[in-house]
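I have placed the structure first, in the form of structure tokens, so that the comments after it can refer back to it.
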Amino acid sequence: MASEKHLFALMLERVQAAAAAVLGATADLSRVVVEPPRDAAHGDMATNAAMVLAKDAGVKPRELADTIAQALRADPMIETVDVAGPGFINMRLKPAAWLGELRAAIESGASYGESRMGNGQKVNIEYVSANPTGPMHVGHGRGAIFGDALASLLAFTGFDVTREYYINDAGAQVDVLARSAYLRYREALGETIGAIPDGLYPGDYLKPVGAALAKEFGAKLQNKPESEWLPAVRARGIAMMMDLIREDLAALNVKHEVYFSERSLTAPQDQVAATIDLLRKQGKIYEGRLPPPKSGAVEDWEDREQTLFRSTDFGDDVDRPLKKSDGTYTYFAADIAYHKAKIDRGFNDLIDVWGADHGGYIKRVQAAVKALSGGKAALDVKLVQLVKLLRAGEPVKMSKRAGDFVTLRDVVDEVGKDAVRFMMLYRKNDAVLDFDLAKVIEQSKDNPVFYVQYGHARAHSVFRNVRETFPDFPSEAKARIARLHDAKLDLLTDEAELSLIRKMAVYPRTLEAAALAHEPHRIAFYLYELASEFHAQWTRGKDLPHLRFIIQNNPELTEARLALVQGIVTVLGSGLGLLGVDAPVEMR
């Protein structure tokens, strides 16, 4: 169950009510937001209400801001309201409002921050979709973690999410896989194969495939022509590579509900041809010639009459060919049919997570989705940039197992799932990421994953330590939370304590904003900031004993501060869980 409305949502309702009182019930309030101000000195919350409503109201933003501000000053939750600049409204809430949010966080527990914002809307997130030709590399891992965290975030905020993997099992690369595996098959039968020829996959990971083929077929395939052995070897190779990929993903706790085969688009029924016929009947496909590119090369341009999709009618730069000169389909034709399959399954909200080298492909697929759905479906493509793998600042050498890259599994085995997942999300997806194997296991503030996990563990240490002073304080979480239900939170008067509560209370809104923007990295940033403030308050208590969380001979103040710690535990644990990172209660 989603928790009750969080404080920012409540304040948005109150701002909208104040604006409606001024402008009338018919005013369009959908663009009004309430958010933390960029500068905390300006207040606790800020709203753009006057800025976005002034034009419709026919008044200057500053005038409207003054009128709305006057209405807000009567709100019992608000301490001060100020108008700044051209019409921004800044509000400072009374401490009781923040203390109420702390109590809500404690009582909501794991559901704190959960939202119905998505209203059950179906979302398809396709991510990873690595070619089934070998183990995953670190770049694949970044896309996998990004997609998985985004899926968790959207599900937590009320969307009906399907996690999907597109198996590229129909292109030339899987024939190369089959030829490479056949070479390892011959090796498994005792042949000396020598150096792996150029153009084939050299990694040792194909040796088990060769061994499995030798066990299954014996020497039956050894002297057959390629046309006879290739289908069987390809099928076995793809199946084993997908098993390997699933194992790599499982090591990161990445899951998919749907594995969609590219080969299924053409067999048993040719869905690509059916999709082309449908679009042709709608006048969205024609036979014609493309003009030469005006500047720069276009990889799919050919000076011939061909089957073209009118992608320029739907926002693309040029129309796109659907068949090659040999009559086979282009990759784009298969992608159109694949995205039609998603739309046919009831998805109008599509998210694809691609590697950074696919940036030039976005417009054409978005155009296809628009054409296929009559504008009802939308595709958001999230590009995931490269990962530079380092150790103590030096580039990491290639893996013998993979042949020409470092495998994702090697990295997970060395530094652990938590470090990989958190650090892959501790930078925006479209920024290049330097991943230093030495730094991500350091126990220091400079290592964000350690610092956040340590914050959670340190908070739990307070609950263990309090029983030395107050032996009757419950050790079990459920009993502890019940005890804190009646804590006198108004005893929390120190400004740093209130600041920590305000930071904690931003969590639900942070989740909603991250979900709407499809940016799970915002959660990682937020958790580091919250943990940093908590560690700072811990340090202040060491220097100023009256600010410690446990105050001897003052059980009421102690319980109030334990309630604050419980709020921090709730949010850190929830956020780490959404990122797929463990929240330890103890660290050594």
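The values are calculated or read from the model by the stated rules, or taken from the named source; none is laboratory data. As the structure is a prediction and not an experimental result, all values here were calculated from the model. Please note: Cβ atoms are built from the backbone with ideal geometry, for glycine as well, and neighbour counts cover all protein chains shown.
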Fill in: Among the candidates 445, 417, residue that is in contact with a helix residue (DSSP H, G or I) (Cβ under 9 Å, 6 or more places away or on another chain), closer than 30 Å to residue 350 by Cβ, surrounded by fewer than 21 Cβ atoms within 10 Å (Cβ to Cβ) and of a type in the set (Lys, Arg)
417
Worksheet entry | Subset of segment 24-48 [surrounded by 16 or more Cβ atoms within 10 Å (Cβ to Cβ) and more than 30 Å from the chain's Cα centre (by Cα)] | 27, 42, 43
Worksheet item: Of the residues that make up segment 550-570, is at least one of a type outside the set (D, E, K, R), free of Cβ contacts under 8 Å to residues at least 60 places away in the same chain, assigned to a helix (DSSP H, G or I) and within 19 Å of residue 491 (Cβ to Cβ)?
Response: no
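Here is a yes/no grid of residues against (1) over 27 Å from residue 519 (Cα atoms); (2) in a loop (DSSP other than H, G, I, E, B); (3) at pLDDT 95 or above; (4) of a type in the set (A, V, I, L, M, F, W, C):
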position: 292; (1), (2), (3), (4): yes, yes, no, no
position: 326; (1), (2), (3), (4): yes, yes, no, no
position: 335; (1), (2), (3), (4): no, no, yes, no
position: 341; (1), (2), (3), (4): no, no, yes, yes
position: 346; (1), (2), (3), (4): no, yes, yes, no
position: 351; (1), (2), (3), (4): no, no, yes, yes
position: 354; (1), (2), (3), (4): no, no, yes, yes
Worksheet item: Wholly within segment 2-81, which helices (runs of 4 or more DSSP H) include no fewer than the required count, namely at least 2 residues that are over 29 Å from residue 574 (Cβ atoms) and β-branched (Val, Ile, Thr)?
Response: 61-72
Worksheet item: Among the residues of segment 507-516, is any in contact with a Leu (Cβ under 9 Å, 6 or more places away or on another chain), surrounded by fewer than 22 Cβ atoms within 10 Å (Cβ to Cβ) and in the same structural domain as residue 458 (by TED's automatic domain parsing)?
Response: no
Discussion item. What's the number of the only condition in (1) in a helix (DSSP H, G or I); (2) buried (at least 17 other Cβ atoms within 10 Å of the Cβ) that residue 473 fails to meet?
Written reply: (1)
Worksheet entry | Criterion: surrounded by fewer than 14 Cβ atoms within 10 Å (Cβ to Cβ), among the aliphatic types (A, V, I, L, M), at pLDDT below 95 and out of contact with any Asp or Glu (no Cβ under 8 Å at 6 or more places or on another chain) - qualifying residue of 274, 297 | 297
Worksheet item: Do any residues in segment 207-234 that are under 22 Å from residue 263 (Cβ atoms) have Cβ atoms under 6 Å from those of residues that are hydrophobic (A, V, I, L, M, F, W, C) and in a helix (DSSP H, G or I), where the two are at least six apart or on different chains, and which pairs are they?
Response: 209/181; 209/240; 221/229; 230/178; 233/178; 233/181; 234/174; 234/178
Fill in: Test result for residue 211, among the small types (Gly, Ala, Ser), at pLDDT 95 or above and out of contact with any Gly (no Cβ under 6 Å at 6 or more places or on another chain)
yes
Worksheet item: Looking at segment 345-366, is at least one residue among the hydroxyl-bearing types (Ser, Thr, Tyr), surrounded by 13 or more Cβ atoms within 10 Å (Cβ to Cβ) and touching a residue at least 60 places away in the same chain (Cβ under 8 Å)?
Response: no
Worksheet item: Just one of 477, 515 is of a type in the set (A, V, I, L, M, F, W, C) and under 21 Å from residue 453 (Cα atoms); which is it?
Response: 477
Worksheet, complete the sentence: Restricted to segment 330-342 and to residues being surrounded by fewer than 20 Cβ atoms within 10 Å (Cβ to Cβ) and touching a strand residue (DSSP E or B) at 6+ places or on another chain (Cβ under 8 Å), the residue nearest to residue 363 (Cα to Cα) is 332
Practice prompt. State the number of residues belonging to segment 18-66 that are more than 30 Å from residue 511 (Cβ to Cβ) and of a type in the set (Asp, Glu).
Written response: 3
Item to complete: Report yes if residue 327 is surrounded by fewer than 22 Cβ atoms within 10 Å (Cβ to Cβ) and either farther than 15 Å from residue 275 by Cβ or touching a Leu at 6+ places or on another chain (Cβ under 6 Å) (or both), otherwise no.
Response: yes
Item to complete: Give the residue, chosen from 21, 9, 17, that is in contact with a helix residue (DSSP H, G or I) (Cβ under 7 Å, 6 or more places away or on another chain) and surrounded by fewer than 19 Cβ atoms within 10 Å (Cβ to Cβ).
Response: 21
Worksheet item: Can residue 570 be described as buried (at least 24 other Cβ atoms within 10 Å of the Cβ), touching a Ser or Thr at 6+ places or on another chain (Cβ under 8 Å) and assigned by TED's automatic domain parsing to the domain that holds residue 524?
Response: yes
Worksheet item: Any residue in segment 196-203 that is modelled with pLDDT of 95 or more and among the β-branched types (Val, Ile, Thr)?
Response: no
Discussion item. For a quick check of your reading of the model, give me the residue pairs whose first member lies in segment 61-89 and is more than 13 Å from residue 50 (Cα to Cα), whose second is among the β-branched types (Val, Ile, Thr), with beta-carbon atoms closer than 9 Å and at least 6 apart or on different chains.
Written reply: 73/80; 73/81; 75/81; 81/68; 81/89
Worksheet item: Of the residues that make up segment 88-110, is at least one touching a helix residue (DSSP H, G or I) at 6+ places or on another chain (Cβ under 7 Å), more than 25 Å from residue 490 (Cα to Cα) and of a type in the set (Gly, Ala, Ser)?
Response: no
Worksheet entry | Residue tally, condition under 11 Å from residue 504 (Cβ atoms) and touching a Pro at 6+ places or on another chain (Cβ under 6 Å), over segment 524-544 | 0
Worksheet, complete the sentence: Per the filter on segment 493-540, residues part of a helix (DSSP H, G or I) and hydroxyl-bearing (Ser, Thr, Tyr) are 499, 507, 510, 526, 528, 532, 539
